[in-house]
Amino acid sequence: MTMTLSSKGRVLPKIIGHRGACGHAPENTLASFRYAHRLGVQWVEFDTKLTADGEVVIFHDDTLERTTNGEGAIRDIPLDDLQKLDAGSWYDPSFAGESVPTLVQGLALLDELGLGANVEIKPSEGQETETAEAVCAIIRDYWPTSMPAPLISSFKDPCLRVARDRLPQIERASLILDDLTDWRNRAADAASVAIHMWYEPLTRELLGEFNEAGYPVRVYTVNDVDLAETLFAWGAEGICTNYPDRFGRLARVT
Ligand code: G3P
Ligand code: MG
């Protein structure tokens with residue numbers, strides 16, 4: 001993989017698998033990482049948050065209902081109980097028995113597969129600091145030296161500040177949905193090296209502003225090839241997609 005320096009950070013692969021390859025397998029599971037690898041993806045994005053006993057797991061929602069057969073808030077369930085839940089059947093019966101992985105379990109598989117990672121810190125409401133502290137501690141203690149260093153991202157400025165202070169050498173990206181208030185100061189305060197933004201409010205002009213300020217832009221969640229071509233023509237560096245298999249031709253464009 002090419003790892004040259006851009007204006008602020010490394011150039012990452014153009015196609016990043018969202019929650020693994022969540023168009024093909026249950027999101028944020030080991031099965032999803034394996035599927036992404038089979039599709040030829042080099043990097044995946046996934047979400048991290050805390051269980052009741054402070055373990056870092058790979059999971060998106062604050063609640064269990066959508067992607068497991070459990071109920072309630074993830075912040076209220078200890079790891080042992082969480083890992084007894086089925087995180088695959090909701091997607092397809094063929095994935096029955098898939099469980100919610102810990103970050104450490106995820107890293108072991110990514111290392112085995114040779115996949116790079118964009119680790120999104122996605123705290124449950126009010127757990128910004130402790131989630132970021134726990135994620136950073138695991139990255140510090142467990143990140144395999146054989147893997148490329150991760151890129152940490154978050155919508156939450158307090159999480160990015162913790163990452164900046166605890167792991168200054170690990171690159172950060174500021175996630176933006178549609179609130180552009182004070183984005184320059186927020187990205188500068190986090191010492192982010194990139195902007196990751198939702199495609200819908202993104203315009204050519206805005207993307208140009210990010211680039212002129214020195215931030216490469218990766219756009220989520222892009223599942224349409226025509227949209228991706230437009231974004232790359234505007235100067236996007238990459239996309240995060242549920243369907244990495246749709247973008248083979250674009251992925252080869254340097
Ligand atoms: O990192 C891009 C994307 O994952 C951010 O949104 O809600 O899918 O975590 P979400
Ligand atoms: Mg995410």
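The values are calculated or read from the model by the stated rules, or taken from the named source; none is laboratory data. In this text, all values refer to a predicted model and were calculated from it rather than measured experimentally. Glycine also receives a Cβ, built like all others from the backbone with ideal geometry; neighbour counts cover every protein chain displayed. When the accessible area is computed, the model is the full protein with side chains, heavy atoms only, and any ligands, DNA or RNA have been set aside. Shrake-Rupley method; radii C 1.70, N 1.55, O 1.52, S 1.80 Å.
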Dipole magnitude (debye, nearest 20) for the chain, charges at Cβ of Lys, Arg, Asp, Glu: 1040 debye
Could you work out [θ]222 nm for the chain from helices alone, using -39500 (n - 2.57) per DSSP H run of at least four and dividing by all its residues? Round to the nearest 500 deg cm²/dmol. -8500 deg cm²/dmol
Would you rank 43, 234 by solvent-accessible area, highest first, keeping every protein chain in place and using a 1.4 Å probe? 234, 43
Using a Gaussian network model of the chain with C-alpha springs under 10 Å, which one of 119, 135, 104 is most mobile by mean-square fluctuation? 104
Considering the chain as a Gaussian network with a 10 Å cut-off on Cα pairs, which listed residue, 49, 156, 122, attains the greatest mean-square fluctuation? 156
Total charge dipole magnitude, region 102-227, about the Cα centre, Cβ charges on Lys, Arg, Asp, Glu only, Debye to nearest 20: 360 debye
Average accessible surface area per residue within region 91-166, 1.4 Å rolling probe, Å²: 41 Å²
Accessible-area order for 37, 24, 18, largest to smallest, probe 1.4 angstrom, reads 37, 24, 18
Within the set 55, 112, 45, GNM on the chain using Cα springs under 10 Å gives the largest fluctuation to 112
Give me the number: length gained by fully extending residue 71 to residue 108, i.e. 0.36 nm times residue separation minus the C-alpha to C-alpha distance, one decimal in nm. 10.5 nm
Quantify, in whole percent, the carbon and sulfur part of the accessible surface of region 179-254 (1.4 Å probe; protein heavy atoms only). 48 percent
Quick one: dipole size for region 1-74, taken about the Cα centre, charges +1 on Lys/Arg Cβ and -1 on Asp/Glu Cβ, in debye to the nearest 20. 640 debye
For region 193-254, the per residue accessible area (1.4 Å probe, Å²) is 45 Å²
List the aspartates and glutamates whose alpha-carbon lies under 12 Å from that of residue 84, not counting same-chain residues fewer than 8 positions away? 98
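Sort region 98-254 into rounded, prolate or oblate with this rule: let a ≥ b ≥ c be the square roots of the eigenvalues of the Cα gyration tensor; rounded if a/c is under 1.5, and if a/c is not under 1.5, prolate when a/b is larger than b/c, oblate otherwise.
It is oblate, given that a/c is not under 1.5 and a/b is not larger than b/c.
Which shape class, rounded, prolate or oblate, goes with region 164-254 when its Cα gyration tensor gives a ≥ b ≥ c as root eigenvalues, a/c under 1.5 marks rounded, and past that a/b bigger than b/c marks prolate?
Taking the square roots of the gyration eigenvalues as a ≥ b ≥ c, region 164-254 is prolate.
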I need the calculated FRET efficiency for the pair residue 203 and residue 11, taking r as the beta carbon distance and R₀ as 35 Å, to the nearest 0.05. 0.90
Fraction of accessible area attributable to carbon and sulfur, region 39-148 (%, probe 1.4 Å): 46 percent
